[in-house]
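Contents: one structure, followed by commentary.
Quick note: the coordinates plus some simple rules give every number you see, no bench work behind them. Computed from a predicted structure; not experimentally measured. Here the Cβ is made from the backbone with ideal geometry for all residues, glycine too, and neighbour counts use every protein chain on show.
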Amino acid sequence: MKEKLRIVFMGTPEFAVGILDALMKSKHEVVGLVTVADKPAGRGQQVQQSAVKQYALHHDLPVLQPDKLRDEHFLSDLAAFQADLFVVVAFRMLPDLVWKMPEMGTINLHASLLPNYRGAAPINWAIMNGEKETGVSTFFINEQIDTGAIIAQRKTPIGMQMSAGELHDELKDIGAQLTVETVDQIAQGNVPTILQDPNDQNLPHAPKIFKADCEIDWKEEAQLNHNRIRGLSPYPAAWCKLWSKKKATWITFKLFGSDVITDVIAIRNDGPFSQPNGIVFPSGKGFVCIKEIQAEGKKRMDYKAFLAGNDLFDLAFNA
């Protein structure tokens, strides 16, 4: 039992920063950070630092950025922190040389109610699959991804209009609270856990999302398409291709701010049409109304601005 734990935090994106900040404000001591190496990104290929790295620099915290987690120099530097506990949020899979290092183990915060939605994109897939509830889980890391013994969980409802971005912010807040509570619990030496079955395949999973996962098929039910659009908003964003009759080419559009509507008279069924509340796409068993749209190579704009400069009757589902 210890009153104050020495913690090394490992993470990369902005989601992790919220949890890191809560630990910094707790009674425990964050003695070091581990994050990904700086990488060139974007069209200009400018070198970018992870959100966790930026936080580290702002708060004058020592940070390690290993290319390989088994590198001897990294392992030596990591051990030098003399941490009691490692806390991991949205990072890489750790080798046993790392997660077995601290005396009190290594814990992870995952943005789902484990064992459901193990994997890289739990927030997106929960919404895309139409879940009504999700949450966060803390667990001890073991040899397999997201399968360690569960320490604690917190639930939260998913609204029918909630986007992945909104759920991200909600889970970041409750995840920060749960992580600090979990660390307090570990410090007190009272940590009952619930074992997971790593071999249970009858569960929804959350694999990495690729571009093909983001394409909208307007033959699918309207509710399924609505879930996909909000589950991919704001990033990486759902998309579809529409045929431009004037240009005789396909144009890719990203879609945001969707809703399902049924009380509308279809003006056409071969492409989108305008209504007072947005751009309506005929879909299976209903219609999907879009509030914001982004044409390929253009800026994201609301439907009114888009309609002011574009003729929807030029756009169709088929060439």
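When +1 charges are put on Lys and Arg Cβ atoms and -1 charges on Asp and Glu Cβ atoms, the dipole computed for region 1-92 relative to its Cα centre reaches about 180 debye. The residue among PHE281, GLN46, SER76 whose Cα reaches farthest toward the positive pole of the charge dipole of the chain, with charges on the beta-carbon of Lys, Arg, Asp and Glu, is PHE281. Summing Cβ point charges (Lys, Arg +1; Asp, Glu -1) relative to the Cα centre of region 6-188 gives a dipole of roughly 240 debye.
Count Lys and Arg as plus one, Asp and Glu as minus one, and take only other residues whose Cβ is under 9 Å from that of ALA238; the net charge is then +2. Matching the structure-derived Kirkwood radius over Cα pairs in Å against the labelled list [x] 21.6; [y] 19.0; [z] 20.6 gives the label [x]. If the segment from LEU57 to LYS219 were pulled out straight at 0.36 nm per residue, it would be longer than the present Cα-Cα gap by 53.4 nm.
Placing dummy labels 7 Å off each Cα toward the beta-carbon, the span from TYR235 to ASP197 is 3.7 nm.
Order of ASP84, ASP263 from fewest to most other C-beta atoms within 10 Å?
In order of increasing Cβ crowding within 10 Å: ASP263, ASP84.
From least to most packed, judged by other beta carbons within 10 angstrom and beginning with the fewest, ARG228, ARG70, ARG118 follow the order ARG70, ARG118, ARG228.
Structural descriptor for the chain: relative contact order 14 percent, calculated from alpha carbon pairs under 8 angstrom and at least 6 residues apart.
Stokes-Einstein diffusion for region 6-188, with the hydrodynamic radius set to the Kirkwood value over Cα pairs and evaluated at 37 °C in a medium of 0.692 mPa s, equals 196 µm²/s. What residue among TYR303, LEU109, ILE150 has its Cα farthest toward the positive end of the dipole of the chain, where the charges are +1 on Lys, Arg and -1 on Asp, Glu, each on the Cβ? My answer, from the dipole projection, is TYR303. The charge dipole of the chain, taken about its Cα centre with unit charges on the Cβ of Lys, Arg, Asp and Glu (plus for the first two, minus for the last two), comes to roughly 1020 debye.
Can you pull out the GluC sites (Glu not before Pro) in region 126-192 that DSSP calls coil and that have at most 14 other Cβ atoms within 10 Å?
Taking region 126-192 and a limit of 14 other Cβ atoms within 10 Å, the loop GluC sites (Glu not before Pro) found are GLU143.
Here the Karplus curve 6.51 cos²θ - 1.76 cosθ + 1.60, taken at θ = phi - 60°, turns the phi angles of region 176-183 into couplings of 5, 4, 5, 5, 5, 4, 5, 5 Hz, with x standing for Gly and Pro. Sorting the segments 26-38, 186-198 by their mean number of nearby beta carbons within 10 angstrom, highest to lowest, gives 26-38, 186-198.
Within region 211-316, the percentage of alpha carbon pairs spaced more than 18 angstrom apart rounds to 42%.
Note on region 177-319: dipole from Cβ charges, positive end direction compared against ALA187, ASN227, ILE267; the farthest Cα belongs to ILE267. Phi angles of region 90-96 translate, via the Karplus equation with coefficients 6.51, -1.76, 1.60 and θ = phi - 60°, into HN-Hα couplings of 6, 10, 8, 5, 9, x, 5 Hz per residue; Gly and Pro are given as x. Across region 27-32, rounded Karplus estimates of 3J(HN,Hα) from the backbone phi angles (6.51 cos²θ - 1.76 cosθ + 1.60, θ = phi - 60°) give 6, 7, 10, 7, 9, x Hz, Gly and Pro being marked x. Between ILE261 and GLN153, the distance separating the two model label sites (each 7 Å from Cα on the Cα→Cβ line) works out to 3.8 nm. Please go through the residue pairs LYS53/LYS254; LYS2/LYS25; LYS39/LYS299; LYS39/LYS241 and name each one whose alpha carbons sit more than 20 Å apart in this structure. In this structure, LYS53/LYS254; LYS39/LYS299; LYS39/LYS241 lie more than 20 Å apart at Cα. Relative to the 2.2 N^0.38 Å rule of thumb, region 17-117 has a C-alpha radius of gyration ratio of 1.14.
Highest average first, the peptides 295-301, 109-115, 233-239 ordered by how many other beta carbon atoms sit within 10 Å of their residues are 109-115, 233-239, 295-301.
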